[in-house]
Amino acid sequence: MSKPDFAQQFAQALMLEQTRFIKKQLLSEQNNPYIEKFVHHIYSHSDQILLKQFIQLEALQGVVQKYAFELNLGAEILEFIGVIAQRIHQLAINSNTQMNALFSDESFELWMSKILELDQLRHYIQANLLHTPQIQHVSLQLANQILESNTPWLDHLRKLNTHDYGLGSKILSFIQDQQQNIELKLEQQLAQALLKQLGNIILLPNEELADISRHLWDDIKQRTLKETFSQFQAIDFEEFFILVYETWRQLRQADYLQHVILDVVACFYDYFAEYNLQELLQSVGLDEADLHQEALRFLPYTLQALEQQGLLDGIVKELISPFYLNETTHHFIQQYIENNM
């Protein structure tokens, strides 16, 4: 056998042996040393690498650009969201958990106090109630519903119809015309009164608003999830989640929102640029033990699944074969043998 052929076969034998060795390390069932050592080395050296050395701002913003602004969920994921929404509804309507088990009195007090501190916002809302067309339209609709639900006899009069052209028909037609004018004026006045009262409520002193809010919360917090969510259908939940996603898809195309998000990413980068990776991990409450735990939680099962499907050998070989198949490696082996024999 020629020396070049021997060097090539020797390289292939080394590749197969290294593949076998790496597989054995990866598939170790108890206290996987390969994974543990890998995590240990990564963590122990992570205090030597700063964020700005590890990743560039442009690259980070590129990731956000792709996944926040451009990525669209496929039909399968949207269908899954619908399934999950129905599942949440099903769990809620069968739960006797009370609302205050999810949102405590202390949390309510904190949120209420903070909202009541926003005096300027409340004055802004009150000032715009009477001048915003959308709000005026909603108040007119509400006034119309109130009027119709409390005057059923007027509805009967609206629907009366005479087919002759006598005096009675003319009188009825006149009354109906006047009734419509009167109802329209009543609706407008009622709508204005509703908005005015709402504005007055918004500007009530903080103590009174707090007292009203606590009375409402005292009623709501005793209700169970079953009691609350039984008022909704499963399809309502599904449509809500889909609506949130569709709304986000539209909002994320706005130049202003994209600018805000990318600016926040830049602020994050500037703030943590001088932090090393270990400090970043610690800042979110993670240490080496957490990394070990999470790596061992998923990797062993994934590796076993790849091995059962006969894929692990190919993956390892793909990683190491370029070195062993390279002619430079063969030449190195040949030279080494010649110099040491």
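The values are calculated or read from the model by the stated rules, or taken from the named source; none is laboratory data. On a predicted model such as this, the values are computed, not experimentally measured, just so you know. Reconstructed Cβ throughout: ideal geometry from the backbone, glycine too, with neighbour counts over all protein chains shown. These area figures cover heavy atoms from the full protein model, side chains too; ligands, DNA and RNA do not enter into them. Shrake-Rupley method; radii C 1.70, N 1.55, O 1.52, S 1.80 Å.
Rounded to the nearest 10 square angstrom, residue 275 shows an accessible area of 80 square angstrom against a 1.4 Å probe. When only Cα pairs below 8 angstrom with a gap of at least 6 residues are kept, the chain shows a relative contact order of 47 percent. Counting 0.36 nm for each residue step from residue 61 to residue 149 and taking away their Cα separation leaves a gain of 26.2 nm.
Apply 1/(1 + (r/R0)^6) to the Cβ-Cβ distance of residue 48 and residue 21, taking R0 = 25 Å, and write down the FRET efficiency to the nearest 0.05. Efficiency for this residue pair is about 0.30. For segment 236-341, the list of GluC sites (Glu not before Pro) that fall in a loop by DSSP and count at most 15 other C-beta atoms within 10 angstrom reads 274. The computed Cα Rg over 2.2 N^0.38 Å for the structure shown corresponds, within (1) 1.05; (2) 1.76; (3) 1.36, to (2).
At a probe radius of 1.4 angstrom, the accessible area of the chain per residue rounds to 73 square angstrom. Take residue 2, project a point 7 Å from its Cα along the Cβ direction, then tell me which residues of segment 311-327 have their backbone nitrogen under 19 Å from it. Under cut-off, by backbone N: 325-327. Shown in residue order for segment 112-122 are the 3J(HN,Hα) couplings computed by the Karplus curve 6.51 cos²θ - 1.76 cosθ + 1.60 at θ = phi - 60°: 4, 4, 5, 5, 5, 6, 7, 4, 4, 5, 5 Hz (x for Gly and Pro). Taking 19 Å as the cut-off, the amide N atoms of segment 242-278 that come nearer than this to a point 7 Å along the Cα-to-beta-carbon line of residue 102 belong to 242-245.
Which part of segment 210-252 falls in the paramagnetic zone of residue 268, meaning amide N under 20 Å from the point 7 Å along Cα-to-beta-carbon? Flagged as within label range: 248-249, 251-252.
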